[in-house]
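Structure record follows, encoded as structure tokens.
Only the coordinates and a few stated rules stand behind these numbers; no lab work does. Keep in mind that what you see is a predicted model, and the values were worked out from it rather than measured. Virtual Cβ from ideal backbone geometry, glycine too; neighbours counted across all protein chains shown.
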């Protein structure tokens with residue numbers, strides 16, 4: 001378990017060190033593509049347009065911001081207010097929050113998912129020999 005923790009800490013640090021504005025811009029492009037490819041209509045409640053918070057590890061370029069805003073407005077309507085923030089903990093990624101719902105895509109999410117999968121696998125592997133001993 002300690003080795004697993006150390007491996008993920010090193011991967012996290014390496015990816016943080018490698019991240020840069022050009023990589024972030026590419027991630028924003030991929031995120032916008034995925035946002036546009038979401039199936040189904042997004043139901044926007046009646047009343048004032050919802051506010052959207054867009055967070056990314058680096059401040060996006062003007063073109064990146066415009067692309068994200070355009071994709072959001074395609075999904076939620078032209079009157080949606082979009083606010084941008086930087087969040088270095090995201091490590092190469094972007095997340096949108098609207099009315100308490102979050103849509104995120106980042107390397108940090110991949111690492112967290114991988115860590116959960118490995119922890120579950122380790123737990124299963126550790127339990128298997130113990131179960132075999134009790135069955136014998």
What residues of region 75-92 lie in the reach of a label at residue 110, counting those whose backbone N is under 14 Å from a point 7 Å from the Cα along Cα→Cβ? 91-92
Length gained when the stretch residue 22-residue 70 is fully extended (0.36 nm per residue, less Cα-Cα span): 15.3 nm
In this structure, the FRET efficiency calculated for residue 102 and residue 124 from their beta-carbon separation, with R0 = 35 Å, to the nearest 0.05, is 0.75
If we restrict to alpha carbons, what Rg and Dmax does region 41-106 come to, in Å? 11.8, 35
